[in-house]
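The values are calculated or read from the model by the stated rules, or taken from the named source; none is laboratory data. Keep in mind that this is a model prediction, so the values were computed, not measured. Neighbour counts are summed over all protein chains in view; Cβ atoms, including those assigned to glycine, are modelled from backbone coordinates with ideal geometry. Areas reflect the complete protein model, heavy atoms only, side chains present, ligands, DNA and RNA absent. Shrake-Rupley method; radii C 1.70, N 1.55, O 1.52, S 1.80 Å.
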Amino acid sequence: MSMEAATVAPRLQISTWMVDSDKVARRRPKSTSAAFSRRLRDQNTTQVLVAAAAAHLPTSQVSNRQRHVALEVSCSYNNFPTSTVESGNFHTSDESLVLKNKALAIEPYLNRRCIYLVGMMGSGKTTVGKIMAQALSYSFIDSDSLVEHDVGGTSVAEIFKLYGEDFFRDKETEALRKLSLMHRLVVSTGGGAVVRPVNWKCMKKGISVWLDVPLEALAQRIAAVGTGSRPLLHHGSGDAYRKTYMRLTSLFEERGDSYANANARVSLENIAAKLGCRDVSNLTPTAIVIEALEQIEGYLKEEHRHAHITF
């Protein structure tokens, strides 16, 4: 589901399916936003209520503590005029500033739409999603966690074992339908969410972003931590990397075209090439978030160019 090291502790409070602003980071004043050349449209400040029965959704909490972690300069944005570096969920001052400015620049033009992160298992959707949500003053939600919550706290692996994949996919679609009625969320979706057209119908109400990570890097990452929590990859003895890579290759052949339906694509290989980094595994999460926001910005410009609106 993610490459995050920490567990999601608190839960996002939902009152009549309306995001409780007291439980998440407050929005920055509009006067501080680094705007595009002109506004696309006025902000819609009307709160959207959803006629659905639910009281709580899981979420994450970002720590205020900071730690120093040595990073390869070649794999950061620090050697660029507008650049950043990040490790875990903590930013260096330079990278934090670039991330903040990029988020401030595009947030007003998202028009409160949700952002859906799609991609293969282990691609970092949760880690990237949490950082992106904090930068945009959005809330973060993991759709897999919603499914687990709906099934009495049963893990995804256990749901697959007890009820089968079809049951899980139905619950996943139900969760995405509920989320599609909400606003100002960054949603980490399950790796297989893209295979159902009905799920895309839900995600098209927001902006979808594909985290495109090379399969070799995914296999190394997943094999290193084990496949026990990933029901579609869990296997017995043998070369963990080889078996994981072969299974990921098979899954990508099934899902690759579906991932490509996303509004924006974030290629880790492209980021690495831009930064002169030899190994995508050395890219910092914030460098990936910055690229994601740039790709979202490009999508917004194209979207509104078609509507004859100039930035």
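Given the options VAL198, VAL225, name the one that is on the phi < 0 side of the Ramachandran plot, surrounded by fewer than 18 Cβ atoms within 10 Å (Cβ to Cβ), of a type in the set (Val, Ile, Thr) and modelled with pLDDT under 90. Residue meeting the stated conditions: VAL225. Among the residues examined, SER208 qualifies as within 30 Å of LEU300 (Cα to Cα), hydroxyl-bearing (Ser, Thr, Tyr) and at pLDDT 80 or above. Note on the range 250-277: among residues that are out of contact with any helix residue (DSSP H, G or I) (no Cβ under 7 Å at 6 or more places or on another chain) and either small (Gly, Ala, Ser) or outside any helix (DSSP H, G or I) (or both), the one that is most open to solvent (accessible area, probe 1.4 Å) is ALA273.
Would you confirm, using the coordinates I've provided, whether ASN282 is farther than 25 Å from PRO108 by Cβ and among the polar types (S, T, N, Q)? For ASN282, the condition - farther than 25 Å from PRO108 by Cβ and among the polar types (S, T, N, Q) - is met. Would you check which residues across the range 183-205 are part of a loop (DSSP other than H, G, I, E, B) and farther than 29 Å from ALA273 by Cα and list them? Residues satisfying the conditions are HIS183, ARG184, ARG196, LYS204, LYS205. Filtered by the rule that a residue be β-branched (Val, Ile, Thr), part of a helix (DSSP H, G or I) and over 21 Å from VAL195 (Cα atoms), the range 118-161 gives THR127, VAL128, ILE131.
Within the range 278-311, the residues that satisfy the criterion of being surrounded by fewer than 21 Cβ atoms within 10 Å (Cβ to Cβ) and not in a helix (DSSP H, G or I) are ARG278, ASP279, ALA307, HIS308, ILE309, THR310, PHE311.
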